[in-house]
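Here's the structure we're looking at; comments come further down.
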Amino acid sequence: MTLPRAIAFGAAAAWWLGVGGSALAQAMPVTATYICERGVEVPVSYTTPEQGEATAVLYVENRMVTLVRTRAASGARYAWPSDGSGYVWWTKGDAATLFWHDAAAEEDVTLYAACQAR
């Protein structure tokens, strides 16, 4: 099984088993692969349940990272649900950027820019 399919299957299985609410009330995940600068591929699976929080599951830096949708002035912003350091995935249309939010320095460091969904 390829990695994007594995992510999609895992996310679908988690929602089907009722993680976060009734299995029948959950929306199926939407998957996409983004090609970023330097040719880096970032597979992502988005879930938007009828109840609960929307999430983005990314496979980045050899691990799966689950981020929760947060407020954004423009586009969709997903971050780890805490006030500490962590990944931030920001999308607008077919474009995206992955940041590392450094809570101690109160700044975002760009990890992958110019990501385009294919």
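The values are calculated or read from the model by the stated rules, or taken from the named source; none is laboratory data. These numbers were taken from a predicted model, which means no experiment stands behind them. All Cβ positions, even for glycine, are placed from backbone atoms using ideal geometry, and neighbour counts span all protein chains on display. SASA here: full protein model, heavy atoms, side chains in, ligands and nucleic acids out. Shrake-Rupley method; radii C 1.70, N 1.55, O 1.52, S 1.80 Å.
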Sites W80 and V30 - FRET efficiency at Förster radius 22 Å, r taken between beta-carbons, to 0.05: 0.60
Long-range amide H partners of S85 with built H, under 5 Å: A103
³J(HN,Hα) computed for each position of the range 48-62 - Karplus, 6.51 cos²θ - 1.76 cosθ + 1.60, integer Hz, glycine/proline x: 9, x, 5, 10, x, 9, 6, 10, 10, 10, 10, 9, 9, 6, 6
Label-to-label distance, nm, for residues given as R71 and A113 (7 Å Cα→Cβ offset): 2.7 nm
Backbone HN-Hα couplings from phi across the range 69-83 [Karplus 6.51/-1.76/1.60, Hz, Gly and Pro as x]: 5, 10, 5, 9, 5, 8, x, 10, 10, 10, 8, 5, x, 7, 8
W90 accessible area, 1.4 Å probe, all protein chains in place, Å² to nearest 10: 90 Å²
Tensor-based shape of the range 21-108 (alpha-carbon gyration tensor, a/c under 1.5 rounded, otherwise prolate or oblate): oblate
Rounded to whole Hz, the Karplus (6.51, -1.76, 1.60) HN-Hα couplings of the range 88-96, x for glycine and proline: 9, 10, 10, 10, 8, x, 8, 9, 8
